[in-house]
Structure formats: C-alpha cells, structure tokens
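Take a look at the structure set out below.
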Amino acid sequence: MKTTIQFITTVICSISIISCKSQAVGLVADGAELNQISNKYSFTEGPASDKNGNVYFTDQPNDKIIKWNEADNTLSIFKEPAGRANGLYFDNNGNLLAAADDKNELWRINSNGIVDTLITNFEGKKLNGPNDIWVDLQGGIYFTDPYYQRPYWERTTAEIEEKNVYYISPDLKKITVAATDLVQPNGIIGTPDGKTLYVADIGDQKTYSYTIQNNGTLTNRTLFTDMGSDGMTIDNKGNIYLTGEGVTIFNPKGEKIHHIPINEEWTANVTFGGKNQNILFITAKGSVYTLKMNVHGVRYND
C-alpha cells in the first residue's frame with residue numbers, strides 16, 4: 001500500500017510539474033533574445049505603455065521621464081525635471097499618471113507635459129511616497145504608498161505610520177484606504193475585467209490578490225505567492241510577472257511557470273509595449289531591455 005501511495009504521489013507531482021512547464025512553453029517568441037536598449041541611466045523604473053505602444057519610464061535619480069518610441073526603437077526625454085517620478089500608468093483618457101516622489105504627490109501629466117497635481121496628502125498628513133499605480137475601468141486610481149527614505153527629502157520620518165494602498169474615486173474627489181496590514185506595499189496591477197487586484201508586499205515577501213467591488217473597495221484578501229515584487233504586470237493569459245531577481249512569471253493559480261534572468265543587480269519593473277503589446281519592456285538598474293513575447297499585454301488590446 002505504501003509503495004502504491006508513493007507511486008501515485010510521484011505521478012501527481014510529475015503531472016503538476018509537467019503542467020507548469022507546458023504553460024511556460026510559448027510565452028517567449030521563438031528565437032527571441034533579450035535586447036538591451038540602453039544602459040546609460042542611474043536607476044530605471046515605472047514603465048507604462050500608451051495606446052500606441054510607446055513606453056514611458058523613469059530615471060528617478062536623474063529626475064527624468066523618458067519615452068521609448070516603438071516605431072524606431074529610439075529614446076527621448078519626455079519630461080525633465082519630473083518630480084522624482086517613480087511608478088507611471090496611463091489613465092483612461094490617455095494622461096500619464098506619475099508617483100511624484102519628490103514631494104510625495106500623485107501627478108497627472110498631459111501629452112504636452114503639463115502637470116496637474118491630484119493629491120498631496122491623506123487626512124492632512126503627507127503621504128509616505130506613492131510608488132506604483134493602477135487605474136480601474138471606471139477611472140478610479142489605486143496606488144501603493146510605502147516609505148523609502150530619500151536623500152532629497154528634508155523629513156526623516158513618516159507622518160502616516162501605516163503603509164497602505166489607497167483608492168481615488170473616478171471623480172477624483174475622494175481618497176480612501178483600500179488595503180492595509182502591509183509591511184511595504186510596492187507593485188500593483190489589476191485584471192482587465194476589473195475584478196481582481198494584485199498587490200506585492202515586498203517588505204514581507206508576499207503578493208496578494210483582492211476582489212474589487214463596484215465602489216472600489218477591496219475584499220477577499222488571498223495570498224497569491226510567497227514572493228514580493230518591485231513592479232509587476234499581467235498578460236492576456238492572466239499570468240502575473242513579478243520582478244526583483246530578473247522577471248518571474250506565475251500563472252493565475254500562483255504557480256511559478258517561467259523565469260527570465262536579467263544580468264543586473266536588480267530588476268525593478270516590467271510592462272508590455274509595442275504596437276501589438278507583445279514586447280516585454282523591462283527596467284533594471286541603469287538599463288532598459290526588451291523581449292519579444294507570444295503573449296501580449298492587456299492594457300489596450302483586450
């Protein structure tokens with residue numbers, strides 16, 4: 001009986017491993033190689049794709065937002081200075097949202113680079129430092145607010161003790177705490193149907209999923225995987241991409257199915273860009289990379 005049980009267990013485990021491996025087959029385009037576009041920056045972060053597939057990203061130490069033009073693979077400065085912007089995301093009207101770390105604000109930047117400051121505090125207290133952003137189908141804005149002491153800040157302590165995820169209502173008139181009990185929330189991404197939000201708690205090496213209610217509140221917090229992340233994205237198969245030591249890909253069940261090694265000390269963030277949203281755009285230390293995929297992003301295509 002013991003031998004039979006061991007055999008069945010081995011078969012089940014083997015099937016599980018084969019299943020995960022089979023899901024990884026075909027993620028990366030055949031023959032595709034990691035392409036380093038540039039390594040001239042100090043610390044790249046916050047990639048976000050516009051509706052045409054161009055990707056905007058930040059070089060936070062140098063206070064710049066840079067644009068990658070997908071048509072000719074060129075780079076140009078979009079905005080400088082840029083409020084020490086960290087995470088970026090496009091809203092439903094094509095404006096670029098930026099976690100402006102210099103004064104702990106959330107910015108909305110139009111195509112001409114003109115800034116509208118959306119939020120500067122919560123209940124009269126300065127935010128810790130907005131880090132990453134996601135916009136729901138109604139135009140509501142979720143953002144993570146960890147605390148990383150910056151050399152360019154005059155303050156040395158946080159005014160808000162908790163490190164929360166916040167939600168700004170679609171009319172931009174109300175801000176509420178959407179998720180708490182987190183050590184250092186960082187990466188954030190939602191599913192294209194607007195039903196699920198993923199939040200990476202890099203301080204606790206955990207990533208959670210939440211159910212999104214119609215009013216923007218979050219319920220049903222569930223552990224997705226025992227791995228935190230700096231930035232993150234999602235593809236059209238529902239796979240979640242976490243960063244840190246390269247890019248690690250999990251299927252919707254939280255099973256690791258693939259890893260993309262990056263020859264850098266730290267991989268900060270990732271998104272999909274390109275005309276067909278099938279170019280994985282990766283920010284890592286002072287470099288930016290691209291990798292052609294068979295799957296694609298869901299920001300504008302689904």
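The values are calculated or read from the model by the stated rules, or taken from the named source; none is laboratory data. Values in this document were obtained by computation on a predicted structure and should not be read as measured data. Heads up, the Cβs are rebuilt from the backbone with ideal geometry, glycines too, and the neighbour counts pull from every protein chain shown. These accessible areas exclude ligands, DNA and RNA; they are computed on the full protein's heavy atoms, side chains included. Shrake-Rupley method; radii C 1.70, N 1.55, O 1.52, S 1.80 Å.
Report ³J(HN,Hα) in whole Hz for each residue of segment 77-89, in order, from the Karplus equation J = 6.51 cos²θ - 1.76 cosθ + 1.60 where θ = phi - 60°; Gly and Pro get x.
With the stated coefficients, segment 77-89 comes to 7, 8, 8, 7, x, 9, x, 6, 4, 10, x, 10, 6 Hz.
Hey, can you grab everything whose amide H is under 5 Å from the amide H of PHE122? Only 5+ residues off in sequence or another chain; H modelled, so Pro and N-termini drop out.
LEU127
Spelling out what I want: for every residue of segment 262-272, take phi, set θ = phi - 60°, compute 6.51 cos²θ - 1.76 cosθ + 1.60 (Karplus), and round to whole Hz; glycine and proline get x.
Running phi through 6.51 cos²θ - 1.76 cosθ + 1.60 with θ = phi - 60° gives 10, 7, 9, 5, 8, 9, 8, 7, 7, 7, 9 Hz.
Against the longest alpha carbon principal axis of the chain, how many degrees, from 0 to 90 and to the nearest 10, is the axis of helix 2-24 turned?
Here the helix axis deviates by roughly 40 degrees.
With +1 on each Lys and Arg Cβ and -1 on each Asp and Glu Cβ, and nothing else charged, work out how big the dipole of the chain is about its Cα centre, in Debye to the nearest 20.
460
Hey, any idea what % of the chain's accessible area is carbon plus sulfur with a 1.4 Å probe?
47
Just grab the label-to-label distance for SER76 and GLU255, each label 7 Å out from Cα along the Cβ direction, in nm (one decimal).
For the pair SER76/GLU255, the computed spacing is 4.6 nm.
Between (i) 52, 19, 14; (ii) 27, 23, 21; (iii) 31, 24, 18, which matches semi-axes √(5λ) of the Cα gyration tensor in Å calculated for the structure shown?
(iii)
Subtracting the Cα-Cα distance from 0.36 nm times the residue separation, let me have the gained length for GLU245 to GLU33 in nm, one decimal.
That pair, GLU245 and GLU33, stretches by 74.5 nm at full extension.
Which order do the peptides 158-170, 97-109 take when ranked by the mean count of other beta-carbon atoms within 10 Å per residue, highest first?
Result, highest mean Cβ count within 10 Å first: 97-109, 158-170.
For GLU159, put the label point 7 Å out on the Cα→Cβ axis and report which residues of segment 110-152 keep their amide N under 14 Å from it.
Residues passing the 14 Å test: 119-130.
Using the heavy atoms of the protein chains alone and a 1.4 angstrom probe, what is the accessible area of the chain per residue in square angstrom?
Averaged over the residues of the chain, the accessible area is 46 Å².
Quickly rank 135-141, 45-51, 56-62, 72-78 as a protection proxy: mean count of other C-beta atoms within 10 Å, highest first.
56-62, 45-51, 135-141, 72-78
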